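Q: Can you read through this structure? Questions will come right after.
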Amino acid sequence: MEDFYRWQRRRLGYLMDADQPAGGRWNFDNDNRQPPPRNAPADFWPEPPRQPLDDLDAEVLDDLARLEADGTIRLTGSPPDGTWATSRAEAQRRLTHAVEVVLPRFGPHEDAMLTTSWHLAHTLLSPYLNLGLLHPAEVCDAAEAAFRAGRVPVASAEGFIRQIIGWREYVWALYWHHGPDAYRRANALDARRPLPPAFTAGPDTTQLRCLHHTLGDIDRHGWTHHIQRLMILANLALLAGVDPQALTRWMWANFVDGAEWVMLPNVIGMGTYADGGRMATKPYAAGGAYIDKMSDYCKGCRYDRRRRTGEDACPYTTLYWDFLSRHRERFERNPRVAQQVRAAQRLTDLDEVRRHAVDILDRLDRGRL
């Protein structure tokens, strides 16, 4: 993706000073992985604009209610509250707000997760890009102009533009290069476990604080940002061996920016490694330590992210070490995870961890986690 991204920058001319990248670096990703800020004021994360629902919105909602009543569709989540734009004009207003108010704070904490804010400094523009209410070029043009005018730091502008001309276009290209059918069949790790009941029964069915808050945000807003999708939802599915196709269908149905070309490569490729490494060079597996570092979820949680065994052991931590042990042969020669695989084999309590993982998976299946 990095090679593709640099090619895109040169081809399209974004954030370029002659033939060199603005700021002297192609990628400021290392600057944009800071944990949540401590003691941030209440207004640190700008609230998204909202608009009253209009007559057309009401007509669509009536149509949906009729379709649900006759059994054609099943509605999920909370009723619309004006958070999401449903017209071109409103989408353009959201773009202006995103660039002028949100983007200056976007970069440093874009991987952070908080119970106190569902959006943090994310622009929330992905639905309008995926539905065609905004064109990727006009979004990148606005970000570039704000950077050149000194209103947005280079790390924030670069990280944002990279998500659009880099990652988004990379995902689109992979979807068509490998083909939709290949992604719909992919299951390289032979993951067969059904989707956990918590995903469909609601956030109150789990005591995992990170999962509870993430599912609650989806229920209320139909959206969470990329790290919650990758490191809370897909990570749990990866570690537990959940059927990647079932997870993809659920995410496609529950996110306001869901589209098949978006969800298939991201969930099958990056999220669950079900494509066997075509998209990513390693599985994005992590235990409770990562979640604790990048969020406030672990504070007050019923589970202890430091423990691998016992009733209070964090399920992510237990399943992480169990995952590395289960898939040792596949990953012990992968340079990006080999060290962790070897560390798993050296655990003195590995047998106990594996036994405890069986109990956790049983409780996950029964909606008792």
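Per-residue answers, yes or no, for (1) outside any helix (DSSP H, G or I); (2) touching a His at 6+ places or on another chain (Cβ under 6 Å); (3) small (G, A, S):
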{"residue": "D57", "(1), (2), (3)": "no, no, no"}
{"residue": "D63", "(1), (2), (3)": "no, no, no"}
{"residue": "R74", "(1), (2), (3)": "yes, no, no"}
{"residue": "P80", "(1), (2), (3)": "yes, no, no"}
{"residue": "G107", "(1), (2), (3)": "yes, no, yes"}
{"residue": "N130", "(1), (2), (3)": "no, no, no"}
{"residue": "L133", "(1), (2), (3)": "yes, no, no"}
{"residue": "R151", "(1), (2), (3)": "yes, no, no"}
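Q: Is it the case that the stretch 100-111 has a residue that's buried (at least 20 other Cβ atoms within 10 Å of the Cβ) and either among the aliphatic types (A, V, I, L, M) or without any contact (Cβ under 8 Å) to a residue 12 or more places away in the chain (or both)?
A: yes
Q: All but one of (1) in contact with an Asp or Glu (Cβ under 6 Å, 6 or more places away or on another chain); (2) at positive phi; (3) free of Cβ contacts under 8 Å to residues at least 60 places away in the same chain hold for G77; which doesn't?
A: Every condition holds for G77 apart from (3).
Q: Among the residues in the stretch 23-32, are any within 27 Å of Y297 (Cβ to Cβ), modelled with pLDDT under 95, open to solvent by 30 Å² or more (accessible area, probe 1.4 Å) and assigned to a loop (DSSP other than H, G, I, E, B)?
A: Taking every residue of the stretch 23-32 in turn, none turns out to be within 27 Å of Y297 (Cβ to Cβ), modelled with pLDDT under 95, open to solvent by 30 Å² or more (accessible area, probe 1.4 Å) and assigned to a loop (DSSP other than H, G, I, E, B).
Q: Quick one: how many residues across the stretch 258-281 are assigned to a loop (DSSP other than H, G, I, E, B), touching a residue at least 24 places away in the same chain (Cβ under 8 Å) and over 13 Å from the mean Cα position of the chain (by Cα)?
A: So the count comes out to 9.
Q: Just to be sure before I move on: is G300 at pLDDT 95 or above and not β-branched (V, I, T) in the structure I sent?
A: No.
Q: I would also like to ask the following. Select from the stretch 317-351 the residues that are free of Cβ contacts under 8 Å to residues at least 24 places away in the same chain and assigned to a loop (DSSP other than H, G, I, E, B) and write down the one among them that is farthest from R305 (Cα to Cα).
A: R333
Q: What helices (runs of 4 or more DSSP H) completely inside the stretch 153-257 contain at least 1 residues that are open to solvent by 40 Å² or more (accessible area, probe 1.4 Å) and out of contact with any His (no Cβ under 7 Å at 6 or more places or on another chain)? Give the steps one after another, and end with the answer.
A: Working: elements: 154-161, 169-178, 180-185, 197-201, 209-221, 235-240, 244-254.
Result: 169-178, 180-185, 197-201, 209-221, 244-254.
Q: Also: Given (1) under 24 Å from the mean Cα position of the chain (by Cα); (2) part of a helix (DSSP H, G or I); (3) closer than 22 Å to P196 by Cα; (4) of a type in the set (K, R), identify the lone condition not met by R354.
A: Going through (1) under 24 Å from the mean Cα position of the chain (by Cα); (2) part of a helix (DSSP H, G or I); (3) closer than 22 Å to P196 by Cα; (4) of a type in the set (K, R) one by one, R354 breaks only (1).
Q: Which ones in the stretch 62-93 are surrounded by 13 or more Cβ atoms within 10 Å (Cβ to Cβ) and within 26 Å of H135 (Cα to Cα)?
A: Across the stretch 62-93, the qualifying residues are P80, G82, T83, W84, A85, T86, S87, E90, A91, Q92, R93.
The values are calculated or read from the model by the stated rules, or taken from the named source; none is laboratory data. Computed from a predicted structure; not experimentally measured. All Cβ positions, glycine included, derive from the backbone under ideal geometry; neighbour counts span all protein chains shown. SASA here: full protein model, heavy atoms, side chains in, ligands and nucleic acids out. Shrake-Rupley method; radii C 1.70, N 1.55, O 1.52, S 1.80 Å.
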